[in-house]
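**Student:** I'd like to ask some things about the structure below.
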Amino acid sequence: MKKDNRLTLGIIGCGTIGRLHVRNILQNFFDVEIRCICDIDIEKVRTWAKKESLPDQIRFTTDLEDVMEDEKIDAVVIATQITQHTDILIRSIEAGKDIFCEKQIGVDPVKIKKVIDLAEKNGVKLQVGFHRRFDTNYIKARDMIKKGSVGEIQIVRAITRLPESLPARYLKKGLFAGHFNEVTSHDFDILRYITDSEIEELFSIGKVLIEPRFADIDDYDTIMVSLRFDNGSIGNVDGSMQATYGFDQRVEVFGSKGCIFINNQRPNQMFLYDGTAGKIDRLLHEGWSSKQAHELFYMTRYKDAFIMEFREFFRSIIDNTEPICTGLDGLKNILVCDAAKKSADTNKPVKIDYSICK
C-alpha cells in the first residue's frame, strides 16, 4: 500500500487516445502529477500541450529511458501502437513502474505471458485499458445478470461499427494490429465481463467490402463472429469499419427470463409516430450525419468510463488491490482475437486454447 495518495506519472505515446488520457487525468485527479510525456513526434505534442495550456513542469522527450530512469515517476500510461506495447511493458516492469496499458498488451501470447509473470514477480500493477467495463450501463447489466434478472443466459450479441474507415497511414503491416485486435477486442472483452463466462469456440467470416487497403495488409474491414461460451450460451459479434450513420455500438443479453439491451447514445430522444409508423425525427437524423456522428464517437460515448478506469487504476496502486481488468484478461482477449483471425482466414471453426493462461 502506498504511503500517501499522491502519484506521479509518465505518459508513453501521446496521440489521440494518449491526449484524451492526459486531459482526463489533469482535469479529474488533482493528487496525480504528469511529470513527463514521451512520444516519437514530440514537437507536435509540444504544440498541442501549449494549445491545451498543460502545466509548465511537464517534461517532453523522445527517449523512453528518460521516463524509465526517473525515480520520481511511480507509474506509466502506455498509449502507443499495439505492436509496440510488449517491449515497453517489459522495460516498465524492469524499472519498477506500475502500468496502465491500452489494449491490446501485445500481439504475441507467449511474450505477453512472460510480461504477466514478470509483473507479478516484481510486484507491479498492470491494468489493461478495456474502458467499456467502467461504463455505468455495463456495470448495471453485469449486476443484473449476476442477480438473475435475465435468468439463464442463452444468446448474447455485440455490434461495433465505426463512423468511417481508418486513415491510410494506419493501415500498414507492423503498425495496424488488425480489425479483431484493434476494434472487436472490446466486444469480446465486454461479453466475457458482463456474462462472467469464457468463449470456448468461434467461427468467423471476414470480408473487404469498404476499404481495399485492408486486403493489402491481409485483414478485413467487415467481420461476423459466431461464439460458443462455457456457460452453454451462444452469441455473435459483428463489426464494420464504416457505418454511414455514425458510431454504432450495441449489446444484447437474452435469457430465459428476459433480455438486456444496451443501445446507442443519441443526440436526442425524440421519435415521431404517425400514419407511416414510427420514425426518427429530422433533428435526430441530422444528428447521425457526417459532422455530429463524430461527436458521438467512442470518446464521447464512453467519456465517464475513460475517467473511471483511471480512478480504478490509481485506487489499485494506493490500496494495493488487483485492478478490475488484469494482464490475464488481456492475454485471454489476445487468444480470442487470434482464434477469430485464424477462423476467418481458414473458413473453419476454432476452439480457444487457454492452456498458456495457467
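**Student:** Among (1) 32, 59, 8, 0; (2) 28, 59, 13, 0; (3) 25, 42, 18, 7, 5, 2, 1, 0, which one is P(r) over Cα pairs in 20 Å bins from 0, in percent computed from these coordinates?
**Tutor:** (2)
**Student:** Let me ask something else about it. Please list, in order along segment 175-181, the HN-Hα scalar couplings obtained from phi with the Karplus expression 6.51 cos²θ - 1.76 cosθ + 1.60 (θ = phi - 60°), rounded to whole Hz, x for Gly and Pro.
**Tutor:** 10, 7, 8, x, 4, 5, 6
**Student:** Right, here's the next one. Per DSSP helix of 4 or more residues, -39500 (n - 2.57); summed, then divided by the residues of the chain. What does that give at 222 nm, rounded to the nearest 500?
**Tutor:** Details: 13 runs with 131 residues, N = 358.
Result for the chain: -11000 deg cm²/dmol, rounded to the nearest 500.
**Student:** While we're on this one: So how tilted is helix 42-52 from the main axis of the chain? Cα-based, degrees 0 to 90, rounded to 10.
**Tutor:** 80
**Student:** Here is a follow-up. Search the structure for amide H atoms under 5 Å from the amide H of C259, placed 1.01 Å from N in the peptide plane, and list their residues when 5 or more places away or on another chain.
**Tutor:** Residues meeting the amide H criterion: none.
**Student:** Take the Cα pairs of segment 91-177, get the Kirkwood Rh, then feed it into Stokes-Einstein at 10 °C and 1.306 mPa s and tell me D in µm²/s.
**Tutor:** The diffusion coefficient I find is 95 µm²/s.
**Student:** Check which residues have an amide H placed less than 5 Å from E200's amide H, if you skip close sequence neighbours.
**Tutor:** Long-range HN contacts for E200: R228, F229, D230.
**Student:** Here's a follow-up. Using the Karplus curve 6.51 cos²θ - 1.76 cosθ + 1.60 with θ = phi - 60°, work out ³J(HN,Hα) for each residue of segment 132-149 in order, rounded to whole Hz, and write x for Gly and Pro.
**Tutor:** 4, 4, 9, 7, 4, 5, 6, 4, 5, 4, 4, 5, 5, 5, 4, 7, x, 4
**Student:** Enter the mean projected area of the convex hull around the alpha-carbon atoms of segment 197-263, in nm², rounded to one decimal.
**Tutor:** Orientation-averaged projected area of the Cα hull: 5.8 nm².
**Student:** Then there is this: How many percent of DSSP beta bridges within the chain run antiparallel, rounded to 5?
**Tutor:** Around 55 percent antiparallel, to the nearest 5.
**Student:** Calculate how steeply helix 185-195 sits against the longest principal axis of the alpha-carbon atoms of the chain, using the helix alpha-carbon long axis, and give the answer as 0 to 90 degrees to the nearest 10.
**Tutor:** It works out to around 70 degrees.
**Student:** Hey, another quick one. Amide H neighbours of T326 under 5 Å, counting only residues 5+ apart in sequence or on other chains, H built in-plane at 1.01 Å?
**Tutor:** Amide H to amide H, under 5 Å and 5 or more residues apart or across chains, T326 pairs with V128.
**Student:** Right, here's the next one. Mind ordering 194-200, 11-17, 298-304 by average Cβ neighbours within 10 Å, highest first?
**Tutor:** 11-17, 194-200, 298-304
**Student:** Report, in degrees rounded to the nearest 10, the 0 to 90 angle that the Cα long axis of helix 85-94 makes with the longest principal axis of the chain.
**Tutor:** 40
**Student:** Output ³J(HN,Hα) for segment 248-257: one whole-Hz value per residue in order, computed from phi by the Karplus curve 6.51 cos²θ - 1.76 cosθ + 1.60 with θ = phi - 60°, and x for Gly and Pro.
**Tutor:** 3J(HN,Hα) across segment 248-257, in whole Hz: 10, 9, 9, 9, 10, 10, 10, x, 5, 10.
All of the numbers you see were taken from the coordinates with simple rules; none came from a lab. This is a predicted model, so every value here is computed, not measured. Cβ sites come from the backbone with ideal geometry, for glycine too, and all protein chains shown count toward neighbours.
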